[in-house]
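Step one of this worksheet: look at the structure below.
The values are calculated or read from the model by the stated rules, or taken from the named source; none is laboratory data. Computed from a prediction, not measured in an experiment: that's the story for all the values here. For neighbour counting, all protein chains shown are included, and Cβ atoms are generated from backbone atoms with ideal geometry for every residue, glycine included. When the accessible area is computed, the model is the full protein with side chains, heavy atoms only, and any ligands, DNA or RNA have been set aside. Shrake-Rupley method; radii C 1.70, N 1.55, O 1.52, S 1.80 Å.
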Amino acid sequence: DAKTTQPPSMDCAEGRAANLPCNHSTISGNEYVYWYRQIHSQGPQYIIHGLKNNETNEMASLIITEDRKSSTLILPHATLRDTAVYYCIVRKASTAGNKLTFGGGTRVLVKP
Amino acid sequence: GAGVSQSPSNKVTEKGKDVELRCDPISGHTALYWYRQSLGQGLEFLIYFQGNSAPDKSGLPSDRFSAERTGGSVSTLTIQRTQQEDSAVYLCASSSLVLSYNEQFFGPGTRLTVL
């Protein structure tokens, strides 16, 4: 699976949009970009995934560049409960199941 | 509906003792995964089950670690002769393999402390 690079930490003001970057320059054509987050003392939680097109759900938006070498997770209106470590993961989709390889992630602190 | 559950939530044991950690996946989820997270370390994969078989055991750190899954449901991770470096949070996840992106749902974890 392709390696990802994320900034180790970032702060965000409550109510503002949080833009979390991720570089995955070695991504291959059949690999998806996934985002998970881990709130303190909890297990990781799936946020969103995408292949080529931008995606949006009730939690966030995912913007993938045309060359697919980087992406941005957008939390449109950050709340204090969004304080967590956010992981960008690239892996192949497979109905055979596939482990997640977590890097260091970005520690996001939402401040009042 | 019920999510992934794990028991116990906390386990303190003495070095050299054996421990068993249990995972109850979401009903109907074919795939089950074990991960661990050590203090200051990231999340690392241990083993993956599809049904009752384990096609990927590549993350098990030593032969002291083993896992089984019965009835395509509950899984048990066993650590024999525990060492202090085994102290970590052990996380279980499950997923349905119907959709190719197979989102993994994680349990709350078992915090293991080896004294």
Could you go through region B:19-26 and let me know if any residue there is basic (K, R), open to solvent by 80 Å² or more (accessible area, probe 1.4 Å) and more than 28 Å from A:H40 (Cβ to Cβ). no
The correct count of residues that are touching a residue at least 60 places away in the same chain (Cβ under 8 Å) and touching a Gly at 6+ places or on another chain (Cβ under 9 Å) in region A:6-36 is 5
Among the residues of region A:1-12, the number that are open to solvent by less than 50 Å² (accessible area, probe 1.4 Å) and over 11 Å from the mean Cα position of the chain (by Cα) is 4
In region B:26-66, anything within 15 Å of B:D86 (Cα to Cα) and more than 14 Å from chain A (Cβ to nearest Cβ) is listed as B:P61, B:S62, B:D63, B:R64, B:F65, B:S66
Selection from region B:70-99 of residues within 14 Å of another protein chain (Cβ to nearest Cβ) and open to solvent by 50 Å² or more (accessible area, probe 1.4 Å) yields B:V98, B:L99
Reported set for region A:75-112 where residues are more than 14 Å from chain B (Cβ to nearest Cβ), part of a loop (DSSP other than H, G, I, E, B) and open to solvent by less than 60 Å² (accessible area, probe 1.4 Å) is A:A78, A:T79, A:T83
Only one of A:N98, A:N57 is over 30 Å from B:S7 (Cα atoms) and out of contact with any helix residue (DSSP H, G or I) (no Cβ under 6 Å at 6 or more places or on another chain), namely A:N57
Flagged pairs (Cβ under 6 angstrom, 6 or more apart or on separate chains; first in region A:77-88, under 20 Å from A:V33 (Cβ atoms); second hydroxyl-bearing (S, T, Y) and open to solvent by 20 Å² or more (accessible area, probe 1.4 Å)) are A:C88/A:T4
Selection from region B:37-65 of residues more than 14 Å from the chain's Cα centre (by Cα) and open to solvent by less than 30 Å² (accessible area, probe 1.4 Å) yields B:G51
